[in-house]
Amino acid sequence: MQHRKYTGIEIANILQAKLVSPNPEDIQVFDILIDSRRLIAPEGAIFFALQSKRNDGHLYIGSLYKKGVRNFVVSRLNEEQERFPEASFFVVNSTLTALQRLTSEHRKHFNIPVIGITGSNGKTIVKEWLFQLMHPDKNIVRSPKSYNSQIGVPLSVWQMNETHEMALFEAQELEVYLNDYSFTVSDSSKTIYEEFVPLDSGVESKFAKDCESSDQIKFYFKLPNWFKIPTPIGNYNPDWALVFEDDKKIYFVAETKDTGTPQVDLSKLGGDEQMKIKCGKAHFNEFDDLEYKVVNKVGQLIE
């Protein structure tokens, strides 16, 4: 499927750029280039002259021009206009901001679910795990490798086209706040975290320890606060997601609170909490590959 094409006038408007071109009406762009060494086909490419402490993309305009590239996003324009008479220059204040603006506009053309994955550790693992679970049923576009920086995210978004049904993108890490209950990870292959699992109680800390030590659990992680199930009395946030060895089911565990009983005693929870758990059970009953349980120990899942 061919990538969506943008005219020179469209790009100038999106980037809020001054367009200097001998033939602005003939410009058509469908490929982004930020590294002169990664040029595949010059036709339809636009080069963003990004700047860093160690390098300056403006230094490579000449070599790319010789290879056939004719569209450049720059933050300065000195003698380039005269040296490269066939080139079109989009002059902006910041080439990085311009890159982000173009890909943000590109995203608006596709009405598909987009899952953003962030955190301090394990973003790529989670992205690839979700992709493996869902790609047999959907055409999914995802971040290449660990593209989660201010440059990597726009390049990931630019991949989107009309054939895609879902997107999985990484975003730069957020700070993890640790406390006395945070679990220190020894086996990072079993979770999205590489060093610590941020937790809120001793029961949760014991649960994480048992997940890591159990030979029957293949993968586990604490669900983030933004993972919510809508219910008639408000959003509900399950605690954990687990996958067992040789089992394709994902188990969403509702509660790891200690109610002072061997099993979680729902009657000792608040009325709203009981209702949300009841709604959670009804929600997950609609899925064949998901199972929802209310426990306070990993052993209750294995029994």
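The values are calculated or read from the model by the stated rules, or taken from the named source; none is laboratory data. Predicted model only: the values in this text are computed from it and were never measured. So basically every Cβ, Gly included, is an ideal-geometry build from the backbone, and we count neighbours across all protein chains shown.
So the values come out like this:
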{"item": "Any hit, region 102-112, residues being part of a helix (DSSP H, G or I), surrounded by fewer than 18 Cβ atoms within 10 Å (Cβ to Cβ), free of Cβ contacts under 8 Å to residues at least 60 places away in the same chain and not charged (D, E, K, R)", "result": "yes"}
{"item": "Qualifying residue in region 78-88 (condition: surrounded by 18 or more Cβ atoms within 10 Å (Cβ to Cβ), in contact with a strand residue (DSSP E or B) (Cβ under 6 Å, 6 or more places away or on another chain), outside the structural domain of LYS190 (by TED's automatic domain parsing) and closer than 16 Å to GLN16 by Cα)", "result": "yes"}
{"item": "Which listed residue, of ILE277, ILE217, ILE233, is modelled with pLDDT of 80 or more and farther than 25 Å from LYS123 by Cβ", "result": "ILE277"}
{"item": "Pick from region 14-62, criterion part of a helix (DSSP H, G or I) and touching a residue at least 40 places away in the same chain (Cβ under 8 Å), ranking: nearest to GLU86 (Cα to Cα)", "result": "PRO24"}
{"item": "Unmet requirement for ASP137, which otherwise passes all of (1) in a loop (DSSP other than H, G, I, E, B); (2) surrounded by fewer than 18 Cβ atoms within 10 Å (Cβ to Cβ); (3) outside the structural domain of GLU162 (by TED's automatic domain parsing)", "result": "(3)"}
{"item": "Residue that is surrounded by the fewest Cβ atoms within 10 Å (Cβ to Cβ), among those in region 192-236 that are of a type outside the set (D, E, K, R) and in contact with a Gly (Cβ under 7 Å, 6 or more places away or on another chain)", "result": "ILE229"}
{"item": "Residue that is farthest from SER188 (Cα to Cα) [pool: residues in region 199-213 that are among the hydrophobic types (A, V, I, L, M, F, W, C) and part of a helix (DSSP H, G or I)]", "result": "VAL203"}
{"item": "Odd one out for ASP26, checked against (1) under 31 Å from the mean Cα position of the chain (by Cα); (2) among the acidic types (Asp, Glu); (3) within 19 Å of HIS3 (Cβ to Cβ)", "result": "(1)"}
{"item": "PHE72 being in contact (Cβ under 8 Å) with a residue 24 or more places away in the chain, in contact with a strand residue (DSSP E or B) (Cβ under 7 Å, 6 or more places away or on another chain) and either under 20 Å from PHE169 (Cβ atoms) or surrounded by 14 or more Cβ atoms within 10 Å (Cβ to Cβ) (or both)", "result": "yes"}
